[in-house]
Amino acid sequence: VRFRYHFSDRISAYVGGYVRLFDNDKDANDDPEVADGITDFGIRAGARVREDKWHVGFDAIHQMGYGDLTTIDAFGGYSFLDNTLDLNARITTLIFSDQLIERLEGASFGAQLGVAYQIRDLARFHVIGELNTNRFEELQFRFYGLVDLDFWL
């Protein structure tokens, strides 16, 4: 669930939360301290400011349950070709820990650069390159695409 408030045509902010349910394979779990069912929940908030073709903003997420995760992102972008094409950049800080594997905790720092194409009013296609560093991977590069669907009630 997410609630977004538009202060004006240029400025908006949101708050939200989510719940996810996981059910582990009962035959694969030999450790009596590990629960077969895990509930994961989180809260998130962010804001965005748009000025003509530019936009900047931030997102903050805190997840609890199946591993703790805190993410803080700052982003910006530029739109052109009548707002059908966007060039976007994002810097990310991620703090994570896993209750099941004690050594699996730390921080990750990263940057993204991407292009988004507005297919229709309700769909946008993204191509993103991402570079991260953390204590497990000195340098990690990912390249991926996604389709963002936007439905309004």
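Summary of packing: across the peptides 133-140, 71-78, the per-residue average of other C-beta atoms within 10 Å ranks them, highest first, as 71-78, 133-140. A Gaussian network model of the chain, with springs between Cα atoms under 10 Å, assigns the largest mean-square fluctuation among GLY46, GLY110, GLY16 to GLY16. Using all pairs of distinct alpha-carbon atoms, the Kirkwood hydrodynamic radius of the chain works out to 17.9 angstrom. The label-point distance for ILE11 and PHE143, in a model that sets each label 7 Å from Cα toward Cβ, rounds to 4.0 nm. Normalised by the number of residues in the chain, the average gap of Cα pairs under 8 Å and 6 or more apart makes the relative contact order 12 percent.
Highest GNM mean-square fluctuation among ASP98, ASP40, ASP121, for the chain modelled with Cα contacts below 10 Å: ASP121.
Read-outs throughout are calculated quantities, based only on the coordinates presented, and are distinct from any laboratory measurement. Keep in mind that this is a model prediction, so the values were computed, not measured. Every residue, glycine as well, gets a Cβ built from its backbone with ideal geometry; the counts of neighbours run over all protein chains shown.
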